[in-house]
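Notes follow the structure.
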Amino acid sequence: MTTQPPTQPPTQTTTQTTTEPQTAAKPDKNRYRKTLNLPQTKFDMKANLLQSEPQSLKRWQQLGLYAKLREERKASPTFNFHDGPPYANGSIHLGHLMNKCLKDFVVRSQTMLGKNVPYVPGWDCHGLPIEHKVMQAMQEKGSFAKLATMEVSQRDMIVRRECQQHAEKYIKLQAGQMQRLLTLADYDNPYLTMAPQYEASTLEVLADLLKAGLVYRAVKPVHWSIANETALAEAELEYEDREDTSVFVDFEALDADAVYDAFGLKQSAEDEADDESGDESTEASAPDAKPADPYAKKSRALPAGVRPHQKPCFMIWTTTPWTLPANVAVAVHPEVEYALVWIDGNVTVLASKLIEKVTQLARSEEVSVIATTTGDKLVGLRYRHPFVTSTPKCALQRACSLEKIWSVVPADYVTTEDGTGLVHTAPGHGTEDYQTGLKHALPVYCPVKGDGTYDSTVPEWLRGVNIWKANDAVVKHLRDSGHLFFDQKFMHSYPHDWRSKTPVIFRCTQQWFVSVTDESLRDWQGRPASMQQLALHAVREGTGGGDVPPVKFVPEWGRNRMRGMLESRPDWCISRQRAWGLPIPAFVLPLAANAHPDEEPAVLLTSASVRAVCEVLRSKGSDAWFAMPPEQLLASYDASKDPQLSPEMRHALAGGYASLKKTRDILDVWFESGSSWNSVLRARGLGYPADLYLEGSDQHRGWFQLSLLPALGATGQAPFRTLLTHGFMVDKDGRKLSKSRPDAARYEVDSLTNEFGVDVMRWWVSSLVYENDIKVDLTFFATAGESYRKVRNTLRFMLSNLFDFVPSTSTPQAERGVAQDGHCVSLASLSPTSLDAWVLGEYNALERTVVGALTRYDFQTAHKALFDFCNSTLSATYLAAIKDRMYCDKPDAPRRRASQTVLWDMLDGLCRLLAPFLPHTADEAFRALHKVPPTDTTTCVHLRTFLGARGTGDEVASAFGVKPDERWSKVFVLLDAAQGKLEKAKASGIENPLDAGVVLPNAGGVLDGFDLVELADLLGVSIVRADASATEPSVLDLRDDDKFPRCERSWKRDGTVRVRSDGGVLSDRDALAVGVA
RNA sequence: GGGCUUGUAGCUCAGUUGGCUAGAGCGCACCCCUGAUAAGGGUGAGGUCCGCGGUUCGAAUCCGCGCAGGCCCA
């Protein structure tokens, strides 16, 4: 290292001899530059992720990274992680970005821990949003009219084909986007809920539930289009203004005394007149001082608190008079105040708050409140239906009794905003009514047929009448019979069928349900249990009670949330009336010739019949259901051996299946995705249950619950051991993200990718506290970019100081144990008081922290530890301190080589720790460290493990077997104090730390054995001295060019600097390095 | 309206079972370096711990009532 540029010595010498004093003050700073070991690297400061990430991606694809890992790890312990399927529609958004990145952190960190992590990505393909979109497109194209002329199954097939193409298109798009996010998964073999294999496995689950006796058929109200005679989903409704008739109807009470008792009225008016004081009725009548009073004064109405002689009524209000034939109850709010009111000679009940509104509307003249009470007192009171006399039959209902028909029932949804506070309840024609009906075992009565006309169960004058025409007929009938209090036409917003633009109605149809409360399953002790009970048991608190430990929740509060949802869970309606889905393979039996016209035909759906159809669909796909006749679909079914059939059914099926009719229901898409534990984990032999499901917290009700329930029904075991949930994206003010934000385009994932790069976005995701709401803003990505650059630059600086370092092997010492070559220093031989030992100790701590955090899915802690290590431990401390030896020592000086060995090994480990978060950058740095030529695709950090994770299982050893001196923490306290003094010394003109020395107090020998040169390098000063008698650090002013000349090469004033044989002014170390005496 | 949940410097977050002067990083300001240079180092200023009330010797922390968000229901 004695080579000098030939032109330099003469010029240097002349200047130096003539102007010696100035040289010291202003030396030629570049004189020795070429003799330094300045850092060199091709690892760019600028990441250029937009170009370089796709190159990494391509390299990994050539390597076959996913397959290679499966092959290499097949004997390792498995981490079974199961992907929840996103919907195959549209481009991925910020939510997917976070979800997929978090999942990838799991996959990659578990992989780096040495596990085998098979991970199959999936897509949810069926369902209404796609079908709706396809239908709209067809409507716009004008191919809709043609469809209408076709046969149903033919029409369904055409729609299905379009839907499939749509799904395929978006799966391809999303898979590409997800891979661009550098996620590691089996993208060559994803699971698709529309794939024949998957469909067959879904039907297996249905068969299992049928076998357990958990599937039943019942009626339920749905939005119904009369024009198209089909059920509609929420997304297919358009709200338009429509004129309707609203009516106030008096339902006459059956037992007048019971009503008066409920209002606390005494037996007769005479009694009451004597006794003015003191009982409930007086109290109750007090509040009526306000609205009804003016009328009361001039009226001949009965005085308050007196029991009238006529029969009281319950006044209801409805905007759909055509549903009145189906009325079976009147609902009141138990806590609302109701009044018994005298209105123009009639006595009726309505909510106190609404008296004024109703009577003013009807222009009533005489209004007075007789008494008031609360809704709960009215519950159970009975009334006479204004025109229906025969009790309706319970169509296909599980629990139905006529006990409560035509009576007052409680309901929390009743308000006093509109109407009378008493709600006409027809369970066959409304969702809330239906819920109330189920709760009180009321008949779910729907006398309206699919074509919008009444069936034969209604009174003679309504039979066969179209319900819209029936509105007027009902009003007229009520008026004539004296039940009508008031009616008026009014405009309101009303749902319409998006295709026919006609108004829709609520109508009951037969649906398939899974019972969550039937105790037809067994718990772990063999006792009868319901799905709900098993589910609650699976998510119980604590660890005891059961053969399987309870599901773990991350965060823990998910357990409560899930439990609450399970407790209030109604039976699961698993059928839909659509084309794009997996058919429920049920068949309708023909009615016997002598059957009663109202008789429901029997339906075939048993475990065995489903399995028979299932085998056909497994090879041919669900289209076969539409294309093939029943006898072919049931080719392998033998009704005579089906234990689930009744003797009658078996008899009816004895003649073959040709006369069966296929039903048109499809499965709820949640049933499909909720069967993925069977269709993917079990069907592909990946192991059951999964170690982890990870989704947004909305899936506590969605996929998590709807996977848990069927899995318990079919296997008795929860499909997951741990549930991890993340929150939702909100804007920087914490508000819900709106799709119509003006800058929404910049938040498209593709756009973000182009602006920031994927590693930056992943770095951001890893910094999140994902359990809560996640605020997103472009500035956050910019901040993550800054932070990323800090890490990248740290890696770069480490690499650049290894330009002349040749490791003896590409395996770090942590993996191979000892140094084997003169270039490498044995880490075990490092002095505990050396800076190298200290930093390796810090690395060990980092790895413990990161591995521990990753194991707990606490990515933020890992992120923070990694950043702090790069930013503080390395960049600001260790790297800053070793710069002097790196640059100025002889290239092969032992302490330089020692630090290079440490740098090399630590960088190798650091790349591995960063790999789960920054797959591209970590691999790029790893390859640069190992000097891998671009043509080599086989060297890849993602095939390695964390240094401390070598060996088996979850045990994490310390990466490096060094034990730094315990006094280091005290030394750093001293250094901090010294730093403060240096800062103060700036006031006295010592602005450059190299112009300063520091005296450190060496009380109790804390500094004994420490290298004072290293401590000086840590402070950036020229000299450190230890003084046993000092109590606090002090600063030495070295700005004296005679006593402490500055070394021209290292710029240090270390006290050994003098003029050397080449005329240069150098310290001992630098003279040695340059090779001059 | 109900279940679960969040609210600590400008920003993102720590803050064990109540207990030193409430911490970190970023950002900002000032300074240094110019041999990591579209880099690097140092120092500093920033807080009604969402509000009100209570328990306590003592509350960011425990309890109650509010306010403002989020998810899922109704």
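The values are calculated or read from the model by the stated rules, or taken from the named source; none is laboratory data. Since we're looking at a predicted model, the values are computed, not measured. Counting neighbours? That spans all protein chains shown, and the Cβs are built from the backbone with ideal geometry, glycine included. Areas reflect the complete protein model, heavy atoms only, side chains present, ligands, DNA and RNA absent. Shrake-Rupley method; radii C 1.70, N 1.55, O 1.52, S 1.80 Å.
Restricting the stretch A:325-419 to GluC sites (Glu not before Pro) that sit in a DSSP loop and have at most 13 other Cβ atoms within 10 Å of their own Cβ leaves A:Glu335, A:Glu365, A:Glu403, A:Glu417. Taking 0.36 nm per residue of separation and subtracting the current Cα-Cα distance, fully stretching the chain between A:Ala145 and A:Asp376 would add 77.7 nm. When DSSP beta bridges are restricted to pairs lying wholly in the stretch A:315-459, around 80% turn out antiparallel. For the stretch A:537-588, the relative contact order comes to 24 percent (Cα pairs under 8 Å, sequence separation of at least 6). Measuring nothing but how far apart in sequence close Cα pairs (under 8 Å, 6+ apart) lie, relative to its length, chain A scores a relative contact order of 14 percent.
Can you sort A:Asp241, A:Asp255, A:Asp884 by solvent-accessible area, 1.4 Å probe, largest first? Write out the running numbers ahead of the final one.
Working: A:Asp241 115, A:Asp255 80, A:Asp884 20 Å².
Final ranking, largest accessible area leading: A:Asp241, A:Asp255, A:Asp884.
For chain A, give me the percentage of DSSP beta bridges that are antiparallel, rounded to the nearest 5 percent. Around 70 percent antiparallel, to the nearest 5. For A:Gly961, no residue has an amide H sitting under 5 Å from its own, ignoring neighbours fewer than 5 places away on the same chain, with H placed 1.01 Å from N.
Tell me, how many Å apart are the Cα centres for the stretch A:216-233 and for the stretch A:511-575? Their Cα centres are 30 Å away from one another.
With the charge dipole of chain A set up from +1 on Lys and Arg Cβ and -1 on Asp and Glu Cβ about the Cα centre, the Cα lying farthest toward the positive end among the listed residues A:Val588, A:Trp904, A:Val850 is that of A:Trp904.
Using a Förster distance of 60 angstrom, determine the FRET efficiency expected from the C-beta separation of A:Lys311 and A:Glu755, and round it to 0.05.
Values: r = 76 Å, r/R0 = 1.26.
Computed FRET efficiency for A:Lys311 and A:Glu755 comes out at 0.20.
Between A:Asn772 and A:His651, residue separation times 0.36 nm minus the direct Cα-Cα distance comes to 37.6 nm.
Measure up A:Lys790/A:Lys963; A:Lys46/A:Lys732; A:Lys449/A:Lys469; A:Lys172/A:Lys739 against 20 Å on the Cα-Cα distance and list the ones that go over. Cα-Cα > 20 Å for A:Lys790/A:Lys963; A:Lys46/A:Lys732; A:Lys172/A:Lys739; rest within.
Using heavy atoms of the protein chains and a probe of 1.4 Å, the accessible area assigned to A:Lys68 is about 70 Å².
Residue-wise HN-Hα couplings along the stretch A:100-116, as the Karplus relation 6.51 cos²θ - 1.76 cosθ + 1.60 with θ = phi - 60° gives them from phi, are 6, 5, 4, 4, 5, 4, 5, 4, 6, 6, 5, 5, 5, 7, x, 7, 8 Hz; Gly and Pro carry x. Phi angles of the stretch A:695-709 translate, via the Karplus equation with coefficients 6.51, -1.76, 1.60 and θ = phi - 60°, into HN-Hα couplings of 8, x, 5, 5, 7, 4, 8, x, 4, 4, 5, 7, 8, 4, 4 Hz per residue; Gly and Pro are given as x.
Counting Lys and Arg as +1 and Asp and Glu as -1, what is the net charge of the other residues whose Cβ lies under 11 Å from the Cβ of A:Asp858? Write out the running numbers ahead of the final one.
Details: positive: A:Arg856, A:Lys864; negative: A:Glu771.
That works out to +1.
Placing unit charges on the Cβ atoms only, positive for Lys and Arg and negative for Asp and Glu, gives chain A a dipole magnitude near 4300 debye about its Cα centre.
Remark: for residue pairs A:Lys311/A:Lys377; A:Lys620/A:Lys662; A:Lys353/A:Lys476; A:Lys58/A:Lys864, the C-alpha separation exceeds 20 Å in A:Lys353/A:Lys476; A:Lys58/A:Lys864. In summary, the lysines within cross-link reach of A:Lys1052, defined as a Cα separation below 21 angstrom excluding same-chain residues under 8 places away, comprise A:Lys26, A:Lys29, A:Lys34, A:Lys883, A:Lys890, A:Lys981, A:Lys984, A:Lys986, A:Lys1043.
Spherically averaged projected area of the convex hull of Cα atoms, the stretch A:545-605: 9.1 nm².
Are there GluC sites (Glu not before Pro) in the stretch A:568-671 that DSSP marks as loop and that have at most 11 other Cβ atoms within 10 Å, and which are they?
Working: sites: A:Glu599, A:Glu615, A:Glu631, A:Glu648; in loops: A:Glu599.
The qualifying sites are A:Glu599.
What separates the Cα centres of the stretch A:1005-1077 and the stretch A:440-497 is a distance of 102 Å.
Largest accessible area first, the listed residues A:His93, A:His930 line up as A:His93, A:His930 when surface is computed with a 1.4 Å probe on the assembled protein chains. Amide H contacts under 5 Å for A:His496: A:Glu238, A:Tyr239, A:Glu240, A:Val504, restricted to partners 5 or more places along the chain or on a different chain, H placed in the peptide plane at 1.01 Å from N.
A Cβ-based charge dipole, computed about the Cα centre of the stretch A:632-679 with Lys and Arg at +1 and Asp and Glu at -1, lands at about 200 debye. Note on A:Lys357: lysines with a C-alpha under 22 Å away, same-chain residues under 8 apart excluded, are A:Lys290, A:Lys297, A:Lys298, A:Lys489. Only lysines eight or more places from A:Lys552 in sequence, or on another chain, were considered; those with a Cα closer than 23 Å are A:Lys100, A:Lys103, A:Lys115. Applying 0.36 nm per residue to the separation of A:Leu402 and A:Arg741 and subtracting their alpha-carbon distance, the gain on full extension is 116.6 nm.
Calculate, in whole percent, how much of the Cα-Cα pair population of the stretch A:973-1077 lies beyond 22 Å.
Working: 1833 of 5460 pairs.
The share of Cα pairs beyond 22 Å in the stretch A:973-1077 comes to 34 percent.
Proximity of backbone amide H atoms, modeled 1.01 Å from N, is registered between A:Asp1054 and A:Cys1047 at under 5 Å, excluding neighbours fewer than 5 places apart on the same chain.
Only sites in a loop by DSSP and with at most 12 other Cβ atoms within 10 Å count here; which chymotrypsin sites (Phe, Trp or Tyr not before Pro) in the stretch A:399-458 make the cut? Intermediate values should be presented prior to the final figure.
Working: sites: A:Trp406, A:Tyr413, A:Tyr434, A:Tyr445, A:Tyr454; in loops: A:Trp406, A:Tyr413, A:Tyr445.
Hits after loop and neighbour filter: A:Tyr413.
Magnitude of the Cβ-charge dipole of the stretch A:582-675, K/R +1 and D/E -1, about the Cα centre, nearest 20 debye? About 320 debye. Under 11 Å from a point placed 7 Å out from the Cα of A:Gln860 along the Cα-to-Cβ direction: which residues of the stretch A:693-727 have their backbone N that close? From the stretch A:693-727, the list is A:727. Summed over all non-identical Cα pairs, the Kirkwood treatment of the stretch A:552-648 gives a radius of 16.9 Å. The share of Cα pairs per 5 Å bin across the stretch A:897-1002, counted from zero up to the longest distance, runs 2, 10, 14, 13, 12, 10, 10, 11, 9, 6, 3, 1 percent. 3J(HN,Hα) along the stretch A:987-1004: 4, 8, x, 7, 8, 8, x, 5, 7, 10, x, 9, 9, 9, x, 10, 5, x Hz, from the Karplus curve 6.51 cos²θ - 1.76 cosθ + 1.60 with θ = phi - 60°, whole Hz, x for Gly and Pro.
State the three equivalent ellipsoid semi-axes of chain A, derived from the C-alpha gyration tensor as the square roots of 5 times its eigenvalues, in descending order and whole Å. Please report the intermediate quantities before stating the final value.
On the way: eigenvalues 1254, 282, 129 Å².
Over the Cα atoms of chain A, the ellipsoid semi-axes are 79, 38, 25 Å.
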